[in-house]
Amino acid sequence: MSLTKQERDQFQSEGYVVRAGVYDEASMAPIRRAITAVIDREAAQLQATGRLDRLCREAPFETRLAEIAAVSLDAAAAIGSVLVGKMGGGFRGPEMFAMLTHPPLLSCIESLIGPEIIGSSVYRIRPKLPNTARGEVPWHQDSGYFLKHCDQFMIVTCWVPLVDATLANGCLYVIPGAHRHGIYRHYSGGHGGFLEIPAEDLPAGAIPLEMPAGAVLFMTNLTPHASFTNRTAGVRWSLDLRYQSPDAPSNVDEAPESYTPERDPVTMACFPPEADFVIRSPSNPGREVRTAEQFHALRERYELAQPYMPSRGWTRLAERAAAR
Ligand SMILES: O=C(O)CCC(=O)C(=O)O
């Protein structure tokens, strides 16, 4: 399952590569069931408090949250935000741990960063709901969200659609080769509240990447990417998972309480609020997080402690507009 030389060359020169069939149906079934269980629980609570009339239980995974959104967009957004989480990575059940440590994925990762693999702190479940601009993610590089001293390190993003990602439902777009520019200037308060690189600051040549469920898009942390409105009746469910080598700064073996405003940012992990975790360490196997329980406890410890993260100081988009 390792990436071929041609795939690795494409990743280095273009900043991305897509590999189909990394997850088969059986390996995606548990996370889909777990997501459905969260929807069940949260929808029942919303119904109990009068914020949702219908649970839409009869709908399949692909359309359930969309049907809830048709009843109440706010209810669907609230359910989505439980899965996405604020700081802390949201859902951290055993099914997510299985997705993060899926051996075929790790073989591909090893061919990009070597055998010592750290699960980078940021992973997300994303439901892109139909026909709402709220679900759009503007152009950005993942490094825009990390601390500045991490721009020089490789952190691999793996974007995994749990349903087929198409032009119609809001597949990802990338700009091949644009990662070689280095970091672009991001602006805070962009579309949907996300960081944003204005499209006019980026080179032309964006391409959409339609992908079957279970394929993986591998991107560098400097690869500009975006996704736009879902114009179907279903939800475009996806995961984004990240990995780095031990050369890149991490908070492995650090107490979350050691992240304070007094600490020098250059000594910090790339994204301090959430826990990084050792997935594979042939040199020191005792450091590996081997069980879903260990993973859950580590993530929870960070979430409860709320480690400090300094601002990267990006200007607000509205200020740029006012200055023009
Ligand atoms: O899922 C999306 O539409 C956007 C994902 C993304 O921006 C990311 O994985 O960094």
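For this structure, a couple of remarks:
- Number of the exception - E288 against (1) in contact (Cβ under 8 Å) with a residue 12 or more places away in the chain; (2) over 15 Å from C150 (Cβ atoms); (3) among the acidic types (D, E); (4) touching a Ser or Thr at 6+ places or on another chain (Cβ under 8 Å): (1)
- Of all the residues in the range 255-270, those that are surrounded by 18 or more Cβ atoms within 10 Å (Cβ to Cβ) and either in contact with a Lys or Arg (Cβ under 9 Å, 6 or more places away or on another chain) or of a type in the set (D, E) (or both) number 1.
- Condition check for A292: away from the ligand (no atom under 16 Å from the Cβ), touching a Leu at 6+ places or on another chain (Cβ under 8 Å) and under 20 Å from G85 (Cα atoms): no
- Of residues in the range 193-221 being part of a loop (DSSP other than H, G, I, E, B) and free of Cβ contacts under 8 Å to residues at least 60 places away in the same chain, the one surrounded by the fewest Cβ atoms within 10 Å (Cβ to Cβ): A204
- Filtered residues of the range 126-145 (kept if crowded, with 20+ Cβ neighbours inside 10 Å and more than 11 Å from the ligand (Cβ to nearest atom)): L129, P130
- For the range 169-184, taking the residues that are within 14 Å of the ligand (Cβ to nearest atom) and not polar (S, T, N, Q), the one that is nearest to M268 (Cα to Cα) is identified as H179.
- Residue check for S250: within 16 Å of the ligand (Cβ to nearest atom) and either part of a helix (DSSP H, G or I) or of a type outside the set (A, V, I, L, M) (or both): no
- Of residues in the range 223-246 being closer than 30 Å to E116 by Cβ and in a strand (DSSP E or B), the one nearest to the ligand (Cβ to nearest atom): D240
- When L162 is tested against the conditions (1) within 14 Å of the ligand (Cβ to nearest atom); (2) closer than 29 Å to Y187 by Cβ; (3) of a type outside the set (S, T, N, Q), the lone failure is (2).
- Per-region count, the range 164-179, residues in contact with a strand residue (DSSP E or B) (Cβ under 7 Å, 6 or more places away or on another chain), among the hydrophobic types (A, V, I, L, M, F, W, C) and surrounded by fewer than 23 Cβ atoms within 10 Å (Cβ to Cβ): 2
- Yes/no for R320 being of a type in the set (K, R) and under 30 Å from C56 (Cα atoms): no
- Look at (1) of a type outside the set (D, E); (2) away from the ligand (no atom under 12 Å from the Cβ); (3) not in a loop (DSSP other than H, G, I, E, B) and you find that T260 fails only one, number (3).
A short reminder: the numbers here are calculations on the coordinates, not readings from a lab. Fair warning: this is a prediction, and the values are worked out from it, not measured in the lab. Positions of Cβ are generated from backbone atoms using ideal geometry, with glycine treated the same way; all protein chains shown enter the neighbour counts.
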